[in-house]
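Input: a single structure, listed below in structure tokens.
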Amino acid sequence: MKAISTKMKQHIGQQVSTLATCWLIVRKDGTRHTITDSDESIVFSGETHVSRLGFNRSALESKNNLEVSNLEVFGVIDDAIISVEDIEAGRLDYAQMDVFLVNWADPDGYGKIPVRSGTFGEVRLTDSGMFVAELRGNTQPYNQVLGDVYTPECRATFGDHRCKVDVTQHQMTGIVVSAASRAQFDVDVVVPAEFNEGICVFQTGRNAGKTCEISHTQDMVMILKFAAPLPIEAGDTFLLTKGCDKRTETCKGRYSNIINFRGEPFLPGQKVFSPLRAD
């Protein structure tokens, strides 16, 4: 049951209404985008929802169980609101979004009709110059699996509260000298092999704040597993953290952290090397 004002109930009961759809998008970095499909901008609750006729939404499907409601938002790329760079850099990933209707003739006087709220899922670009964003409802977390399963490898993330390794003791910084592509660039330092399978966090440049997985290094050449969201440029600085392959040998030999190992390599049926086994 959606709570709406008495005036709004009376308004939507008329044969002709003056309703417009508004979107409030709040990115994880706090940036707010306020948009409407009305042909004129709308001021509601002190915020100006900018008129963008290129925005639309799919039909809403809701169910009376815990299944996630379906809603997609379509929009034309507009550098003044949401640019290709924003999408490629993942700035819209997991953004909070509210979709609601207002009476454009008197927005604050009638209040709003909530349509859907939730977080963005996949945001993708289309060949026609538009973006499509899946809006996940508030029941999405109930679809996630809770608890652990038995695995021979460690289930902790390197340096998290379960691993407990102080990652600051296993990091180094560097500067990009030149970039051959978004996935390969020359650096000003020799990176030891222990950083293979680690992570690279860009500190400055167009990818500032973005985390990329390291594939491996060759002399002073850094090779990423997947391309960075945006072009890498000379002078960009980065922070590297050593990798962990989740194996007992690495946990014990490289990090002396076997007491916090979160795997079960010696369970029956697990075919892993162990000095305690004759085979």
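Side notes on the structure shown:
- Chymotrypsin sites (Phe, Trp or Tyr not before Pro) within the range 195-252: DSSP coil, no more than 16 neighbouring Cβ in 10 Å: Phe226
- Rounded to 0.05, the FRET efficiency of the Ile175 and Ser256 pair, given R0 = 22 Å and the Cβ-Cβ distance, is 0.10.
- The range 96-235, relative contact order in percent, only Cα pairs under 8 angstrom and at least six apart counted: 15 percent
- As a rough footprinting exposure proxy, the listed residues Lys210, Lys225 were ranked by other beta carbons within 10 Å of their own, and the order from fewest upward is Lys225, Lys210.
- Residue-by-residue Karplus 3J(HN,Hα) for the range 182-199, coefficients 6.51, -1.76, 1.60, Hz, glycine and proline x: 6, 10, 9, 8, 7, 10, 8, 9, 7, 9, x, 5, 4, 8, 4, 6, x, 10
- In the range 90-122, the chymotrypsin sites (Phe, Trp or Tyr not before Pro) that fall in loop regions by DSSP, at most 14 other Cβ within 10 Å: Tyr94
- As a proxy for reagent exposure, Arg206, Arg27 were ordered by neighbouring Cβ count within 10 angstrom, fewest first; the result is Arg206, Arg27.
Every number here is computed from the coordinates shown, using simple stated rules; none is lab data. Keep in mind the model is a prediction, meaning the values are calculated, not measured. Cβ atoms come from the backbone with ideal geometry, glycine included; neighbour counts cover every protein chain shown.
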